[in-house]
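**Q** For reference, the structure I am asking about is given below.
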Amino acid sequence: MKLTGADILTRFLADEGVEFLFGYPGGAVLHIYDAIDRQDRIKHILVRHEQAATHAADGYARSTGKPGVVLVTSGPGATNAVTGIATAYMDSIPMVVITGQVPTHLIGNDAFQEVDAVGITRPCVKHNFLVKSVKDLALILKKAFYVATTGRPGPVVVDIPKDVTADSVDYVYPKEITMRSYNPVVKGHTGQIKRAVKLMAAAKRPMLYTGGGVILDNAHKELAQLAKKLNAPVTNTSMGLGGFPASDKLFVGMLGMHGTYEANMAISNCDLMIAIGARFDDRVTGNIEKFAPHAKIIHVDIDPASISKNVKVDVPIVGSVSDVIKSLLKEIKASEFKPNKAAAKGWWQQIDEWRAVECLKYKTDGDKIKPQFALETLYNITKGDAYVTSDVGQHQMWAAQYYRFDKPRRWINSGGLGTMGFGLPAAMGVQLAFPKATVACVTGEGSIQMNIQELSSCMQHNLPIKIVCLNNGFLGMVRQWQEFFYDERYSHSYMDSLPDFVKLAEAYGHVGIQVTKPEDMEAAMKEAFKLKDRLVFLDILTDPEENVYPMVPAGAGLDEMILI
Amino acid sequence: MKQKTKTDEEGMRHIISILMENEAGALSRVAGLFSARGYNIESLTVAPTEDITLSRMTVVTWGSDEIIEQITKQLNKLVDVVKLVDLTEGPHIEREMLMIKVRTSSNDLREEVTRLVDIFRGRIIDVTATSYTIELTGTGDKLDAFINAFEKTPILETVRSGISGISRGAKNLHI
């Protein structure tokens, strides 16, 4: 049966198992919106800005593991989506973004709402396509989902001219696809696995450093087995939090610029680093010359280009993280591997000494709400079991430090690109995926205003998100850097003329609660989280001068942290 | 694209041959990768192969071993890239074509040019009352030497194709 391109698109998405389409209509996608209106298999979520559509799809993808799907119009629709696409790209999040395009005969004519979407998005997508004929549409869509979700995942853009959505062709859902130019490696190289296990057997101070790859590949169970087997301390990157239970005694916290003392010291002193699904980002390594100076390095990653990019490694293993860990476990079993018990005792003694520094302790001040206290209260009230999305800045680091994630896919933050405005729309995607779950958006008064308009979408789609806004009247991370490195010249980091967030929330039809005193914190949070079917905006006035500690200054090694 | 002169500190020169899907935008994906990551390009050539669904691209670049390793990995990561080989890792042949137009307004000049063309085994492919156009194929060094040989003859125009390369022996880049 012949279908129009628009109907093929909606039909395909449903056949592909897509639940939600996050989008915003416009001229070039009107045929598609008409097709959406005559079907009920996929649900369209109308946002208030295209950036929010991409972040919402991203939050959905991070929390479920399924690809997020976005539909925006040509021109400004596409350009507004770019920030969200780049955010997903940096964190390897599977996403398919459909952009409308002007009709094929107008492409290149500077037509109304025309932009070269394929050109603009090229550096921040895993791949992109321009559909030139309706005959190619279904196959290109299949390729887009295949590329987005396999190998190292990432966003894929499909640019569809308006005439292609009006033209008709027979539609058959393409079940299988092969691409001669794209065949991601899954299995790790046997020789390398053997070499890695030999290094593990010889190690006296082993250490596991794991990142977002463990979460993306659902390898948390395998990772837990490996850690136990090696009796090795585990540190996570910000992207990797929840990939290993924070409450496990092997866990030493996050590493890097705002990592814990014990994690950074362990990295600086280990003799074997097993890096899994992590990419040695500059925020993680600090001064690369001083990073893990005593360690042999094993690096497991699905992306060969991530290996030996920043740090030269001894044993590279390309493959899917879960597959490789399984092979490692098998080889450990086969090789009569015995961990060095005496060495382990000394290593753990040393780690416990570093732990005793209690680097996350903070000074309390009777009148002022400490942001760390707010996050500890959030952790206690939600019993550590909430989905926590965050924006970018000090609050993000405090959330990473003080909300101890035991499960994967619970910590949703923009790690690579560091996109302010991510938190609220991402929370929308999570709440849609898990309507009954507790979803908290930890944010600041700066970040929340970058996508505040989504309070309206939350009302329309009944999303009872709890916004935990740490309001210190400053762009806190900028202020902190200005305090440390710019002689306290607070150039444009003060947020003047802030709205009354309580009234603002109420204006959108939500509940607003302001917290001004530490002693009111617990009651306010309890009240907020009791309102299961309402969005609550908690405007928490926190100490404006609090800093994130520990901190590794730019150019310093991880063991040269500033402690409080 | 960053154009730099090659020096020893900047590492070895490499010729990377790429087989990729003959799709619109494939060239800009490669060019964009080089500019976004700050890799060097000396020359880049591309044309369809005997199988019109595939293009063959030759990129001449230079850098340290680490940079070249990253370049090949990043190129391989492009979804349109089917296969690639660093020709400089083994015996190979490289060729470039030059077309040069020179002023030949006197008999002396015409004789001088004809002699040079013979020495370098070039061909005169167009002649007017005042100019010769010459075609010459060879390695980049040979073309440089040819151009430098025109000491007295005024050069009106030069155009170079950029380098194409192929490995020696039966080894081939094919799918």
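**Q** Can you tell me which of A:Phe291, A:Phe244 is away from every other protein chain (no Cβ under 14 Å), touching a Leu at 6+ places or on another chain (Cβ under 9 Å) and closer than 24 Å to B:Ser64 by Cα?
**A** A:Phe291
**Q** One residue is enough: does the range A:455-462 have a residue meeting the conditions free of Cβ contacts under 8 Å to residues at least 24 places away in the same chain and either surrounded by fewer than 21 Cβ atoms within 10 Å (Cβ to Cβ) or within 28 Å of A:Glu50 (Cα to Cα) (or both)?
**A** No, there is no match, as no residue in the range A:455-462 is free of Cβ contacts under 8 Å to residues at least 24 places away in the same chain and either surrounded by fewer than 21 Cβ atoms within 10 Å (Cβ to Cβ) or within 28 Å of A:Glu50 (Cα to Cα) (or both).
**Q** Quick one: in the range B:36-63, of everything that is in contact with a helix residue (DSSP H, G or I) (Cβ under 8 Å, 6 or more places away or on another chain) and within 14 Å of another protein chain (Cβ to nearest Cβ), which residue is nearest to B:Gly162 (Cα to Cα)?
**A** B:Met57
**Q** Scan the range B:149-175 residue by residue and report those that are surrounded by 16 or more Cβ atoms within 10 Å (Cβ to Cβ) and within 14 Å of chain A (Cβ to nearest Cβ).
**A** B:Leu173
**Q** Among the residues of the range B:125-148, how many are surrounded by fewer than 16 Cβ atoms within 10 Å (Cβ to Cβ) and farther than 24 Å from B:Val60 by Cα?
**A** Qualifying residue count, the range B:125-148: 6.
**Q** So which residues in the range A:123-145 are buried (at least 19 other Cβ atoms within 10 Å of the Cβ), under 25 Å from the mean Cα position of the chain (by Cα) and within 12 Å of another protein chain (Cβ to nearest Cβ), if there are any at all?
**A** Once the filter is applied, which keeps residues that are buried (at least 19 other Cβ atoms within 10 Å of the Cβ), under 25 Å from the mean Cα position of the chain (by Cα) and within 12 Å of another protein chain (Cβ to nearest Cβ), the range A:123-145 yields A:Cys124, A:Val125, A:Lys126, A:His127, A:Asn128, A:Phe129, A:Lys143, A:Ala144.
**Q** For the range B:12-30, which residues satisfy the criterion of being more than 12 Å from chain A (Cβ to nearest Cβ) and hydrophobic (A, V, I, L, M, F, W, C)?
**A** Selection gives B:Met12, B:Ile15, B:Ile16.
**Q** Which of the residues belonging to the range A:162-184 are among the small types (Gly, Ala, Ser) and within 11 Å of another protein chain (Cβ to nearest Cβ)?
**A** Matches in the range A:162-184: A:Ser181 only.
**Q** Out of the range B:64-122, which residues are within 14 Å of another protein chain (Cβ to nearest Cβ), out of contact with any strand residue (DSSP E or B) (no Cβ under 7 Å at 6 or more places or on another chain) and assigned to a helix (DSSP H, G or I)?
**A** Correct list: B:Asp65, B:Glu66, B:Ile67, B:Glu69, B:Gln70, B:Lys73, B:Gln74, B:Lys77.
**Q** Taking the range A:504-540 on its own, how many of its residues are farther than 20 Å from A:Ala440 by Cα and touching a strand residue (DSSP E or B) at 6+ places or on another chain (Cβ under 9 Å)?
**A** 1
**Q** Looking at the range A:24-52, which of the residues that are touching a residue at least 60 places away in the same chain (Cβ under 8 Å) and under 27 Å from the mean Cα position of the chain (by Cα) is surrounded by the fewest Cβ atoms within 10 Å (Cβ to Cβ)?
**A** A:Leu46
**Q** On to the next question. Given the condition on the phi < 0 side of the Ramachandran plot, in contact with a His (Cβ under 8 Å, 6 or more places away or on another chain) and assigned to a helix (DSSP H, G or I), answer yes or no: does some residue in the range A:37-56 qualify?
**A** no
**Q** A:Ser306 fails exactly one of the following numbered conditions: (1) within 14 Å of chain B (Cβ to nearest Cβ); (2) in contact with a Ser or Thr (Cβ under 8 Å, 6 or more places away or on another chain); (3) buried (at least 23 other Cβ atoms within 10 Å of the Cβ); (4) not hydrophobic (A, V, I, L, M, F, W, C). What is the number of that condition?
**A** (2)
**Q** While we're here: Can you name the number of the only condition in (1) within 14 Å of chain B (Cβ to nearest Cβ); (2) farther than 22 Å from A:Val324 by Cα; (3) in contact with a strand residue (DSSP E or B) (Cβ under 7 Å, 6 or more places away or on another chain); (4) surrounded by fewer than 23 Cβ atoms within 10 Å (Cβ to Cβ) that A:Asp159 fails?
**A** Of (1) within 14 Å of chain B (Cβ to nearest Cβ); (2) farther than 22 Å from A:Val324 by Cα; (3) in contact with a strand residue (DSSP E or B) (Cβ under 7 Å, 6 or more places away or on another chain); (4) surrounded by fewer than 23 Cβ atoms within 10 Å (Cβ to Cβ), only one is false for A:Asp159: (4).
**Q** Which is of a type in the set (A, V, I, L, M, F, W, C), buried (at least 24 other Cβ atoms within 10 Å of the Cβ) and either at pLDDT 95 or above or over 20 Å from A:Ile140 (Cβ atoms) (or both), of A:Val118, A:Val70, A:Val18?
**A** Just a single option satisfies the conditions, and that option is A:Val70.
The values are calculated or read from the model by the stated rules, or taken from the named source; none is laboratory data. What you are looking at is a predicted structure, and each value in this text was computed from that prediction instead of being measured. With ideal geometry, Cβ positions are generated from the backbone for all residues, glycine too; neighbour counts draw on all protein chains shown.
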